[in-house]
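Report on the structure given below.
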Amino acid sequence: MDLQEALVRVVAAMEELRIPYALAGGLASNAWVGEERAQDTYDVDFAVAALEPDPATAVRTSLARRNVEAEKADPMAFRRAKIHRLWIAGITVDFILPRHRGYPRAALDRTGESLIGARKVRVLSPEDAFLYKALSKRERDLAPMSALAEREDFDRRYAERWARRLGVWRFAKRALRAS
C-alpha cells in the first residue's frame, strides 16, 4: 500500500463514520502550492474537530472490516496539539486536534477540495494548512509555510490573528517575512 492508497482508505472510513476532517500537513500544503513547490512527505495528517470518540480507533475498526490492518499508537499530547496515530502498512496517519477551543471547528469550516487519485478529499485552506504547520514549530516547515503565504489569495489577516491566538505568532511571522 502506498501513501495515496492509505489516504483514500482512511478518508473513505472517516466519511462512512461521519467524522469531520480535512487533510493537513505536507499533503495539504502540496495540494495548494503546486508540483514545482511541493515538499516530500511520508505521512498523512488529518485535522479533526474532536478526539472523543477517538477517530483513530473508529477508523481502525472500519478498516479492519475491509481487511486492512492498522496498528494504533498511544495518544500524544503536546503543548499546542493532541495527536492520535495509526500505522497502516508502515505509513503513519495522524489525527491532529489543536488545543485552542474554537480553532479546530473554524479551520474545518473553511476547507477546500482536492482530487487525490479518483477521490475528492477535504483539504485545509491555505491559511489553515499554514497554521497547522506552525503548530509544530519545525524549521523544515518554514519553506512550505512561505510557499502557502505567497499565494495571491492567502488571507494574511486571518493567519496572523489565529497565529497569535494559537501561540505560534513568532514562528509564523518568520514564514510570512520570507514570502
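Residue 134 fulfils the conditions (1) loosely packed, with under 15 Cβ neighbours inside 10 Å; (2) under 15 Å from the mean Cα position of the chain (by Cα); (3) more than 16 Å from residue 31 (Cα to Cα) except for a single criterion, (1). For the residues 121, 44, the requirement of being among the β-branched types (Val, Ile, Thr), over 20 Å from residue 141 (Cα atoms), surrounded by 15 or more Cβ atoms within 10 Å (Cβ to Cβ) and modelled with pLDDT of 95 or more singles out 121. For the stretch 30-45, does any single residue satisfy the condition of being without any contact (Cβ under 8 Å) to a residue 60 or more places away in the chain and among the basic types (Lys, Arg)? No, the stretch 30-45 has no match at all.
Suppose we filter 149, 172, 159 for residues that are farther than 26 Å from residue 59 by Cβ, crowded, with 23+ Cβ neighbours inside 10 Å and more than 16 Å from the chain's Cα centre (by Cα); which single one remains?
Details: 149 fails: crowded, with 23+ Cβ neighbours inside 10 Å; 159 fails: more than 16 Å from the chain's Cα centre (by Cα).
When all the criteria are applied, what remains is 172.
Out of 66, 99, 79, I need the residue that is surrounded by 15 or more Cβ atoms within 10 Å (Cβ to Cβ), touching a residue at least 12 places away in the same chain (Cβ under 8 Å), among the charged types (D, E, K, R) and over 22 Å from residue 39 (Cα atoms). Which one?
On the way: 66 fails: surrounded by 15 or more Cβ atoms within 10 Å (Cβ to Cβ); 79 fails: surrounded by 15 or more Cβ atoms within 10 Å (Cβ to Cβ).
Going through 66, 99, 79 in turn, just one is surrounded by 15 or more Cβ atoms within 10 Å (Cβ to Cβ), touching a residue at least 12 places away in the same chain (Cβ under 8 Å), among the charged types (D, E, K, R) and over 22 Å from residue 39 (Cα atoms): 99.
The values are calculated or read from the model by the stated rules, or taken from the named source; none is laboratory data. Just so it is clear, the model here is predicted, and its values are computed rather than measured. Backbone-built Cβ (ideal geometry, glycine too); neighbour counts: all protein chains shown.
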